[in-house]
1. Could you compute how fast the stretch B:335-446 diffuses translationally, taking Rh as the Kirkwood radius over C-alpha pairs and applying Stokes-Einstein at 10 °C with viscosity 1.306 mPa s? Give it in µm² per second.
2. With a cut-off of 8 Å between alpha carbons and a minimum separation of six or more residues, what is the relative contact order of the stretch B:386-589 in percent?
3. Give the shape of the stretch B:209-373 as rounded, prolate or oblate, defined through the alpha-carbon gyration tensor: a ≥ b ≥ c are the square roots of its eigenvalues, a/c under 1.5 means rounded, and otherwise the shape is prolate if a/b is larger than b/c and oblate if not.
4. Over all residues in A:62-71, what is the mean tally of Cβ atoms on other chains that come within 10 Å of each residue's Cβ?
5. Along the charge dipole of chain A, Cβ charges K/R +1 and D/E -1, which of A:107, A:38, A:133 sits furthest on the positive end?
6. Find how much the distance from residue A:55 to residue A:106 grows on full extension, using 0.36 nm per residue of separation minus their present alpha carbon separation; answer in nm with one decimal.
7. Putting +1 on Lys and Arg Cβ atoms and -1 on Asp and Glu Cβ atoms, find which of B:273, B:309, B:348 reaches farthest to the positive end of the dipole of the protein assembly as shown.
8. Taking the Cα centre of the stretch B:209-373 as the origin and placing charges on Cβ (Lys, Arg +1; Asp, Glu -1), which of B:323, B:248, B:222 is farthest toward the positive end of the dipole?
Amino acid sequence: MQHTISILVDNKPGVLTRVTGLVARRGFNIESLAVDTTEDPRLSRVTLVMEADEVSIEQINKQLHKLINVHKIIDLTGADAIERELALFKVVAAPDKRNEIVEVASLFRANIVDVSQNALVVEATGTHDKLQALEDLLRPYGIKEIVRTGKIALSRGAKE
Amino acid sequence: MDENDPTDAEVQCDCAPTVQLTGAQAVIAQLEAEGVEVIFGYPGAQAIKLYDALHDSKKIRHILTRHEQGAVHVADGYARSSGRVGVVLVTSGPGATNTVTGIATAYMDSIPLVVITGQVPTTAIGTDAFQESDITTITLPITKHSYLIKDIAELILSLHEAFYIASSGRPGPVLIDIPSNVAAEMIHYVPITGKPSISSYRPTYKGNARQIREAAALIGKAKRPVLYVGGGVVASGATSELAQLAQLMQIPVATTLMAKGAFDPQDVLALGQPGMHGRHHVNHALAHSDLLIAVGTRFSDRVTGNARAFAPDTKVIHIDIDPAEIGKNHVAHVPIVGDARGILAGIIANLQQSQAMPRTQVWLQEIAAIAAAERSAQGGNREVADEGAIQPYELLSALNTLLIQTGRDVIVTTDVGQHQMWASQYLDIAEPRHFISSGGLGTMGFGLPAALGAQIANPGSLVICVSGDGSIQMNSQEMATCAVNSLPIKVVLLNNNSLGMVRQWQQLFCDRRYACTLLEDNPDFVKLAEAYSWKGYRITRSTEIGRALEWLISQSMPALLDVRIATEELVLPMVVPGEALGRVIDWGDV
């Protein structure tokens with residue numbers, strides 16, 4: 001099954017290599033990855049999405065814990081967590097189709113962030129499924145390019 | 001190791017006035033503060049400042065090996081035989097990359113090393129400068145941790161942390177890469193002592209009390225228990241607790257290659273080595289036990305054979321300081337994370353309190369009966385083509401008898417291959433840290449430099465390296481290091497003019513098609529020894545064994561005995577690779 005793991009690491013050069021290298025050499029494929037510093041500038045958060053069974057994910061978690069630069073690992077899979085991705089779609093938009101596309105975008109609370117003669121850029125955030133649905137609706141107009149971030153996730157409520 | 005240190009003291013700085021030193025001088029001063037007495041290494045341009053500073057040290061001796069790989073194995077042999085951290089110093093680029101096999105060897109066997117590498121100046125990093133290699137990245141999968149020091153402010157604390165990380169928890173190698181400009185910069189040096197506080201690294205030593213009680217309860221009830229112990233017992237210093245538990249509950253003890261010496265081989269409860277070349281009764285005990293008490297071991301494929309078919313119905317207590325080992329290769333019903341010594345002591349206390357009595361009499365008889373039956377089936381009774389030729393078991397049995405008779409403290413190192421397994425099968429080693437072998441990585445070329453390190457750590461001991469004609473040639477340059485430093489190590493070279501273990505697999509599984517395993521153009525090893533100012537001697541007949549071994553161990557100089565054995569000698573029994581422990585090839589099958 002798909003797991004979302006949030007890893008708190010030292011904000012130091014080379015730490016991301018340690019994390020991703022370990023996951024790769026234990027035989028796993030990273031499906032999505034997002035990294036940035038946290039409220040504490042000494043720490044970064046790595047959000048990893050990967051496909052693994054329960055036994056394997058436990059082993060990966062234990063191995064990640066052994067990295068000296070790893071402080072904390074939270075498996076947000078199935079937990080009460082907020083998950084978001086960001087996507088930018090460059091859509092073919094002849095003047096007569098522009099309004100339709102803007103309408104589709106507004107249904108998804110997406111923004112038009114660039115307009116040119118024959119194209120629009122739509123910016124959307126949401127869960128993986130929501131962005132997929134938007135993509136499916138935009139496809140008939142002709143998608144020239146898509147760029148999507150990795151997933152980020154945070155647990156709900158007050159607990160860290 | 002300071003795992004039993006109850007204080008959780010933060011890092012302390014000496015209150016002595018600070019001194020202005022170069023980074024390199026500060027490194028040497030801090031190494032002295034860590035208690036380092038000897039460094040193994042090889043200089044080069046980017047390590048020149050470090051070497052210049054070392055030149056002034058009155059406390060640290062430097063052993064110049066003839067290759068950086070050799071330096072790491074020497075440090076490894078020093079660490080394994082003494083329990084201390086082995087320290088290596090090499091230069092950047094090829095100097096650093098030459099350490100890779102040595103570091104991987106130590107990593108696989110959880111040996112504490114601190115490897116210091118010179119690096120090109122920080123301004124040149126990333127430019128493909130002369131002798132630049134990204135050694136921290138290259139060694140990521142084979143180090144416990146590593147540092148690239150770009151800021152001199154981090155230099156001394158990182159070095160101090162390196163010693164702590166290498167030697168605490170599950171030990172392992174730590175690498176510190178020091179760019180030459182950092183080594184040249186000035187710093188206010190204050191020695192750092194005490195336990196470093198690394199919030200993301202807090203190894204667990206104390207086992208969970210409830211799990212310990214549960215383990216004791218299972219052991220108290222078991223009728224067919226086996227203690228299956230590995231190198232963790234040695235690292236933890238838990239051998240007396242192991243013996244105590246075995247005696248108390250009359251539990252037979254299987255010692256992996258890494259644990260050889262952790263349990264007295266003369267004890268009736270001693271089973272010996274399990275796995276691929278384990279004797280029938282050992283593997284029978286593992287496969288048919290009702291309770292495996294696995295201590296400091298990792299269910300390696302060389303022990304379990306086909307992991308899925310290994311003891312599927314057996315309850316398992318797994319004690320290990322590394323939580324990632326538990327459940328990695330085999331299911332654990334009672335996992336206990338922590339230091340083996342304290343955990344075994346806790347189990348013993350629980351058993352004594354509940355006045356548990358051993359129930360293993362029938363089980364021990366069953367194992368003993370199998371052992372007695374197979375003893376006659378060993379190599380000794382088979383027909384040999386050449387009547388007077390030297391058979392490996394005969395040579396090693398004679399060596400074993402002689403080593404026991406000498407009454408000296410004897411440390412045996414091995415290389416990797418058939419001779420390694422014969423040494424494990426036929427030599428009785430009764431003390432931990434006295435049998436030193438590359439277990440996990442299986443590194444040919446380990447034995448000679450490891451013997452060197454063991455001799456430096458134990459100057460009064462008789463250090464014997466059992467090697468083969470393939471392995472010895474992988475680091476034979478270190479014969480020079482032995483000679484120059486007057487280290488009187490003894491090499492017993494089992495010379496079958498082939499890469500024997502691979503040849504054995506080809507004989508058994510590839511229809512005797514000996515692809516690239518025959519070393520027919522071997523050098524004259526006696527002359528090679530003499531070229532390095534060693535003594536050398538060759539024997540070819542079994543009648544020469546006694547006198548030759550006497551000659552060997554009486555030499556005050558390093559000496560090599562070239563023992564000619566038949567090419568088609570075999571290490572048996574042998575579990576068919578990838579199969580369950582029951583699928584065995586033995587003398588009757590070949």
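Just so you know, all these numbers are worked out from the coordinates, no wet-lab data involved. Predicted model, so just to flag it, every value in this text is computed and none were measured. Here Cβ is always computed from backbone atoms with ideal geometry, including for glycine, and neighbour counts include all displayed protein chains.
1. Working: Rh = 18.2 Å.
Diffusion coefficient, whole number: 87 µm²/s.
2. The value is 23 percent.
3. rounded
4. What the average comes to for A:62-71 is 5.
5. It is A:38, whose Cα lies furthest towards the positive end.
6. 14.1 nm
7. Most positive-ward Cα: B:348.
8. About the Cα centre, the residue reaching furthest to the positive side is B:222.
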